[in-house]
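The values are calculated or read from the model by the stated rules, or taken from the named source; none is laboratory data. In this text, all values refer to a predicted model and were calculated from it rather than measured experimentally. Here the Cβ is made from the backbone with ideal geometry for all residues, glycine too, and neighbour counts use every protein chain on show.
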Amino acid sequence: MRIRVLPLGFAYIFLSAVVSAAAANTGNNALYMIAALMLALLVVSGILSTHSLGRLAPGRASGNDCHARSPTPIYVEVLNRGRWTLCGIRVNGRPCPPIPPRGSRLVRLEVEFPRRGLHDLPPLELESRFPFGFLARSRRSAGGGAVLVFPALDTRGSPPRSTREEEGMKERSSRWGEILDHRGLKPFQEGEDPRHIHWKKSAQRGQLVGVEYDRRSRGSVELFLNTREPDPARFEHEIEGVAGSCDALSRRGAPVALSTPGARIQAGTGEGHRRRLLGFLALVEREP
């Protein structure tokens, strides 16, 4: 446990010393009583600060996706096991709202990890300035569990050369996974997409003419990662490139599959599938 005297504490100690010196020089009983009260208040402040710090405990940690070499906000739960509300609490230097008795509060912190994989959260420094802010007592505590760190996302340029698209369609599509094949012309109906109006034919006929399309599936995208790459640095660079492609394509709604020489993840869509792909890339190891 570490103890620091805060600026307000220094000012209070200086004032107490001045009052004590004045009482000793004048022999005034009232000044003696005030000096004794001020010194007692300082002792009580230290006792309460120590007691409140002992009632603090870190809880679970939660947050969004955590990527290597990128500051990521996480939320750490701070528990109050005491019988009164605690104020003046800080976690890693960040102020915490007053914590009710037997309650908890969330504190927003930022963490950054140098590489992908499973990492323990850094230790937390719990600090109590309760009740008057004269002293700050702090202690270190475990970070509250482990976090899976996804690879850094390399989104520069096109997907890596190991990426292949099952069908190279050139037709215009309304969204990923759906291709619009030109079928013919038809009278434009109210409520249809105005982008499907054929303006040239509409001008010739004097009425709105729409383009009719057939819709069919566009296929999926499969990404390949060579886990037998002999160069470790190049292997990590390829992982970041594949991770960037997985993230970008998944957010666009593309069905994405991922394969290595020894494993394959079937194509899928959605946030859960995106996290599954990135989680696989976070833990994959280079094969000898």
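Some observations on this one:
- Within the span defined as region 92-103, one or more residues are surrounded by 16 or more Cβ atoms within 10 Å (Cβ to Cβ), part of a strand (DSSP E or B) and under 28 Å from the mean Cα position of the chain (by Cα).
- Hey, Arg275 surrounded by fewer than 19 Cβ atoms within 10 Å (Cβ to Cβ), over 16 Å from Thr227 (Cβ atoms) and at pLDDT below 90 or not: no
- Single match in Ala233, Ala254, Ala243 (criterion: in a loop (DSSP other than H, G, I, E, B), outside the structural domain of Ala68 (by TED's automatic domain parsing) and either closer than 17 Å to Arg116 by Cα or hydrophobic (A, V, I, L, M, F, W, C) (or both)): Ala254
- A count restricted to region 257-288 and to residues that are assigned to a strand (DSSP E or B) and either within 18 Å of Leu148 (Cα to Cα) or under 26 Å from the mean Cα position of the chain (by Cα) (or both) stands at 4.
- Region 49-75, residues that are among the aliphatic types (A, V, I, L, M) and over 30 Å from Asp154 (Cβ atoms): Leu53, Leu56, Ala57
- The number of residues in region 232-256 being farther than 15 Å from Val149 by Cα, crowded, with 17+ Cβ neighbours inside 10 Å and charged (D, E, K, R) comes to 1.
- Unmet requirement for Leu79, which otherwise passes all of (1) crowded, with 18+ Cβ neighbours inside 10 Å; (2) part of a strand (DSSP E or B): (1)
- Top-ranked residue in region 1-37 [being without any contact (Cβ under 8 Å) to a residue 24 or more places away in the chain and of a type in the set (S, T, N, Q); ranked as surrounded by the most Cβ atoms within 10 Å (Cβ to Cβ)]: Ser20
- Selection status of Leu135, at pLDDT 55 or above and surrounded by fewer than 17 Cβ atoms within 10 Å (Cβ to Cβ): no
- The set of residues from region 111-126 being of a type in the set (A, V, I, L, M, F, W, C) and either surrounded by 17 or more Cβ atoms within 10 Å (Cβ to Cβ) or modelled with pLDDT under 85 (or both) comprises Val111, Phe113, Leu121, Leu124, Leu126.
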